[in-house]
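Working notes, beginning with the structure itself.
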Amino acid sequence: MPTPRPLRIHDARRRLRWEIWIVLGLSLLPSAAYALLSLLETLAGPTPIAETTQAINPAVSAFPLFDVLNRLVVFVARLMPVALVIWLLWSHRESGFRRLGFDLRSPGRDLGRGLLLAAAIGIPGLALYAVSRLAGATAQVVTADSELAWWTAMLYVLAALRAALIEEVIVVGYLVTRLRQLGWGWWPIILTSALVRGSYHLYQGVPMALGNVAMGILFAAFFVWWSRPRSGGADARPARRRVMPLVIAHFLLDLVAFLGYPLAVTLWPGVF
């Protein structure tokens with residue numbers, strides 16, 4: 001006897017919910033938990049948050065060769081959830097790359113939009129960090145060593161790429177796609193994506209976490225409403241939303257933050 005259709009739909013939705021929790025549990029929820037615990041520990045301690053330091057790319061070994069090798073292992077390991085969601089979104093009709101818009105079909109348009117998004121987020125984000133630091137509401141975020149060697153510069157490029165892939169492919173591309181399949185409305189989806197993004201930035205302080213929520217709203221809204229290319233005609237396949245501009249924008253933002261940190265420390269020592 002065949003399974004009734006409403007029961008099959010219920011089972012499919014339950015499977016999707018479990019899939020989402022597993023993906024987030026393997027990727028970003030532990031970071032969110034650590035960030036919250038770090039913030040609570042700082043607030044409970046005697047030292048004001050403005051006098052604390054959070055290092056994003058600390059060395060893991062005193063020996064440069066082993067530092068590079070260890071961080072390369074971390075780079076590959078942390079990209080596995082990205083590979084997982086691409087595989088989960090794969091079907092016999094199209095690849096997970098195409099479904100996410102994570103391909104090279106529109107390189108010029110993706111690059112242009114990525115640059116505009118980076119500028120729209122980077123300048124206000126820098127101002128927010130400076131103001132919240134001066135107000136004593138944000139920890140000092142050390143994104144790089146004060147002096148750059150060629151191997152550390154290479155590692156920072158990989159770190160920027162890793163963060164861009166994990167956050168944009170999973171928090172925007174995958175999460176938006178799956179929550180829409182569950183029947184969620186667009187604004188609850190956008191706000192959920194943004195809140196997830198803000199949660200794992202809590203270690204920097206509440207103002208920076210809220211700043212990342214604002215960034216998440218902009219990025220998710222862009223993905224939902226403005227990332228699709230124009231249709232190529234009546235016979236063209238339906239245009240997919242594209243996560244590639246978001247990956248480019250995030251990569252550029254982090255790359256400037258990591259490689260530009262020594263210069264920022266020199267120019268604004270009281271802030272950075």
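Per the listing ARG162, ARG133, the residue uniquely buried (at least 16 other Cβ atoms within 10 Å of the Cβ), more than 21 Å from LEU246 (Cβ to Cβ), touching a helix residue (DSSP H, G or I) at 6+ places or on another chain (Cβ under 8 Å) and of a type in the set (Lys, Arg) is ARG133.
Among the helices (runs of 4 or more DSSP H) confined to region 13-115, the ones with at least 2 residues that are among the polar types (S, T, N, Q) are located at 29-44. For region 49-82, give me each residue that is of a type outside the set (A, V, I, L, M) and surrounded by fewer than 12 Cβ atoms within 10 Å (Cβ to Cβ). Result: GLU51, THR53, PRO58, PHE63. Name every residue in region 113-154 that is among the charged types (D, E, K, R) and closer than 15 Å to TYR261 by Cα, in order of residue number. Scanning region 113-154 gives ASP145, GLU147. Remark: pairs (first residue in region 239-255, closer than 15 Å to ILE56 by Cβ; second residue surrounded by fewer than 20 Cβ atoms within 10 Å (Cβ to Cβ) and among the β-branched types (Val, Ile, Thr); Cβ separation under 8 Å; 6+ apart in sequence or on different chains) = LEU255/VAL157.
For region 83-124, a residue qualifies if it is among the charged types (D, E, K, R) and surrounded by 13 or more Cβ atoms within 10 Å (Cβ to Cβ), and the qualifying residues are ARG98, ARG99, ASP103, ARG105, ARG109, ASP110, ARG113. Can TRP186 be described as out of contact with any His (no Cβ under 8 Å at 6 or more places or on another chain), at pLDDT 95 or above and more than 17 Å from VAL82 (Cα to Cα)? So TRP186 fits the description; yes. Of all residue pairs spaced 6 or more apart or on separate chains, those with beta-carbon atoms under 8 Å, a first member in region 112-138 that is on the phi > 0 side of the Ramachandran plot and a second member that is not basic (Lys, Arg) and not in a helix (DSSP H, G or I) are GLY136/PRO48.
The values are calculated or read from the model by the stated rules, or taken from the named source; none is laboratory data. Because the structure is a prediction, the values reported are computed rather than measured. Cβ: placed from backbone, ideal geometry, glycine included. Neighbour counts: every protein chain shown.
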